[in-house]
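Worksheet: one structure, shown below.
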């Protein structure tokens, strides 16, 4: 079974707000600190312009479409010297539209990139994004290829996706990468940073524990929800 199909099954059984089945007591994975990402200064728009109010369960959404996110993701990739860009024709829908607990219709999407997927939830009426994520299997995350840690590559992609979605600026990619690193190695499965929730969620594979699914995601939430959820704020 391809990783894209595994994540499809995972997301279709998810609860959107905190999504999936979070790691009990935190992931606490034994991985190395990811390498620093060399980034150039760019003219990033203020983070507040990247999000807008919504009637969805999170009270906020990203202020752009899936196609616009793809452009932003590629732009960030180019700025830091990465060449593996994405194309709109490779995004696939997962199942049929669903309705969240506030009555907002949503559609799940995924981008199958071999052993790593980009995932997205989109409001069908506004066509705007609710969340974005990077998913893979536990075994792939913990493995090495050509002497390099796969975890480095996946945390890098998660940070790039978060930057593209949240308009943090490429000079913040190292910080975003470290947020996800803390989620993978620490006791928290969710952290709040500058108006966004960063999460690591997992789904066990009962037949093969090494092929359990893990998904790093980022999404904006309302101030009220931050207080209600009693989120831990990321600190360097």
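How about the stretch 82-101: which of its residues are closer than 23 Å to residue 59 by Cα and surrounded by fewer than 18 Cβ atoms within 10 Å (Cβ to Cβ)?
Listed by number, the residues that qualify are 96, 97, 98, 99, 101.
Residue 182 versus (1) touching a helix residue (DSSP H, G or I) at 6+ places or on another chain (Cβ under 9 Å); (2) crowded, with 19+ Cβ neighbours inside 10 Å; (3) within 15 Å of residue 234 (Cβ to Cβ): which is the lone unmet condition?
(1)
Quick one: which residue in 26, 19 is closer than 14 Å to residue 132 by Cα, modelled with pLDDT under 85 and surrounded by 12 or more Cβ atoms within 10 Å (Cβ to Cβ)? So that I can check it myself, show each step before the final result.
Values: 26 fails: closer than 14 Å to residue 132 by Cα.
Among 26, 19, only 19 is closer than 14 Å to residue 132 by Cα, modelled with pLDDT under 85 and surrounded by 12 or more Cβ atoms within 10 Å (Cβ to Cβ).
Between 75, 151, 70, 139, which is outside any strand (DSSP E or B), at pLDDT below 90 and touching a helix residue (DSSP H, G or I) at 6+ places or on another chain (Cβ under 8 Å)? Break it down stepwise before answering.
Details: 75 fails: at pLDDT below 90; 151 fails: at pLDDT below 90; 70 fails: at pLDDT below 90.
Checking each option against the conditions leaves just 139.
Among the residues of the stretch 102-149 satisfying the criterion of being without any contact (Cβ under 8 Å) to a residue 24 or more places away in the chain and either within 25 Å of residue 170 (Cα to Cα) or touching a strand residue (DSSP E or B) at 6+ places or on another chain (Cβ under 7 Å) (or both), which is surrounded by the most Cβ atoms within 10 Å (Cβ to Cβ)? Full working, then the answer.
So the first thing to find is which residues in the stretch 102-149 are without any contact (Cβ under 8 Å) to a residue 24 or more places away in the chain, and the list is 105, 107, 125, 143-148.
Filter once more, so that each one left must be either within 25 Å of residue 170 (Cα to Cα) or touching a strand residue (DSSP E or B) at 6+ places or on another chain (Cβ under 7 Å) (or both): 105, 107, 125, 148.
Details: 105: 14, 107: 18, 125: 11, 148: 10.
The extreme case among them is 107.
Any residue at all in the stretch 155-162 that's touching a residue at least 60 places away in the same chain (Cβ under 8 Å), in a strand (DSSP E or B) and in contact with a strand residue (DSSP E or B) (Cβ under 8 Å, 6 or more places away or on another chain)?
no
Among the numbered criteria (1) modelled with pLDDT of 90 or more; (2) within 17 Å of residue 135 (Cβ to Cβ), which one does residue 211 miss?
(1)
Please determine, by comparing only the residues of the stretch 183-208 that are within 15 Å of residue 140 (Cβ to Cβ) and assigned to a loop (DSSP other than H, G, I, E, B), which one is modelled with the highest pLDDT.
Going through the qualifying residues, I end up with 205.
The values are calculated or read from the model by the stated rules, or taken from the named source; none is laboratory data. Keep in mind the model is a prediction, meaning the values are calculated, not measured. Positions of Cβ are backbone-derived with ideal geometry, glycine not excepted, and every protein chain shown enters the neighbour counts.
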